[in-house]
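The values are calculated or read from the model by the stated rules, or taken from the named source; none is laboratory data. Bear in mind that the values here come from a model prediction, so they are computed numbers and not experimental data. Note: ideal-geometry Cβ built from the backbone for every residue, glycine included; neighbour counts use all protein chains shown. The protein model used for the area step is the full one, side chains on, heavy atoms only, and it has no ligands, DNA or RNA in it. Shrake-Rupley method; radii C 1.70, N 1.55, O 1.52, S 1.80 Å.
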Amino acid sequence: MDVTIYHNPMCGTSRNTLAMIRHAGIEPTVVEYLHTPPSRETLERLIAAAGLSVREAVREKGTPYAELGLDDPSLSDEQLIDAMIAHPALINRPFVVSPMGTRLCRPSEAVLDILPDTFKGAFAKEDGERVLDAEGKRLV
């Protein structure tokens, strides 16, 4: 299965999502978007395919969101996308694309909706929260 994750290895949610993909027996294409940002077209496609508004795809925490005045409700989608392209840290994460759909995987277990049911065994997040039971069945 061809899966792509737009990943930030410094983010626990992103690391948990990547680990769940691998737990499904899939080695995804990993795009470290802070080093290799998506094109405008790709970013717009990810946001639309995930069923989000542009504003929902903008990350506030740990970014220049406030300093750039991005909380201004009069800003257009184009202006928000411009900011995300100029400052990739503003792109919320992780986006995952699979043949079964596209999701912004916050929380990380949202990735389970777009992966095949090929999990073998239990899975817990870094913080110990159990996501899959011993049979690989979803708990959350």
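In µm²/s, what is D for the chain at 37 °C and 0.692 mPa s, where D = kT/(6 pi eta Rh) by Stokes-Einstein and Rh is the Kirkwood radius from Cα pairs?
Estimated diffusion coefficient is 211 µm²/s.
Which order, highest average first, do 3-12, 62-71 follow once you tally other Cβ atoms within 10 Å for each residue and take the mean per peptide?
Top to bottom by mean Cβ count within 10 Å: 3-12, 62-71.
Counting only protein heavy atoms and a 1.4 Å probe, tell me what percentage of the chain's accessible area is made up of carbon and sulfur.
The computed percentage sits at 51.
Of Pro73, Gly62, His7, which is farthest along the charge dipole of the chain in the positive direction, counting Lys and Arg as +1 and Asp and Glu as -1 at C-beta?
Final value for the positive-end residue is His7.
Enumerate the calculated ³J(HN,Hα) couplings along the stretch 16-31 in order (Karplus 6.51 cos²θ - 1.76 cosθ + 1.60, θ = phi - 60°), each rounded to whole Hz, writing x wherever the residue is Gly or Pro.
Ordered by residue, 3J(HN,Hα) equals 5, 5, 4, 5, 5, 4, 5, 5, 7, x, 10, 9, x, 7, 9, 10 Hz.
Put +1 on the Cβ of every Lys and Arg and -1 on every Asp and Glu Cβ in the stretch 85-140; which of Val140, Met100, Leu90 then has its Cα farthest towards the positive end of the dipole?
Leu90
In whole Hz, what ³J(HN,Hα) sequence does the stretch 64-80 give by Karplus (6.51, -1.76, 1.60; θ = phi - 60°), x for Gly and Pro?
Once θ is set to phi - 60°, the couplings for the stretch 64-80 become x, 3, 5, 4, 8, x, 6, 7, 5, x, 7, 5, 7, 4, 4, 5, 5 Hz.
Using the Cα centre as the reference, give the magnitude of the dipole from point charges on the C-beta atoms of the chain (Lys, Arg: +1; Asp, Glu: -1; all else neutral), rounded to the nearest 20 debye.
My answer is approximately 420 debye.
What's the magnitude of the charge dipole for the stretch 8-74 around its Cα centre, counting Lys and Arg as +1 and Asp and Glu as -1 at the beta-carbon? Answer in Debye, nearest 20.
The dipole magnitude comes to about 260 debye.
Quick one: compute the contact order of the chain, relative version, from alpha carbon pairs under 8 angstrom and 6+ residues apart, as a percent.
This gives 29 percent for the chain.
How long are the semi-axes of the equivalent ellipsoid of the stretch 27-104, defined as square roots of 5 times the Cα gyration tensor eigenvalues? Whole Å, largest first.
Ellipsoid semi-axes (Å, largest first): 21, 14, 10.
Under the rule of at least 5 residues apart or a separate chain, name every residue whose amide H is placed under 5 Å from the amide H of Ile91.
Arg59
With a 1.4 Å probe and all protein chains left in place, how much accessible area per residue does the chain have, in Å²?
Per residue, the chain has an accessible area of 51 Å².
In terms of Cα to Cα distance under 20 Å, which aspartates and glutamates are near enough to Lys120, apart from those fewer than 8 places away along the same chain?
In chain and number order, the partners are Asp2, Glu27, Glu109, Glu129, Asp133, Glu135.
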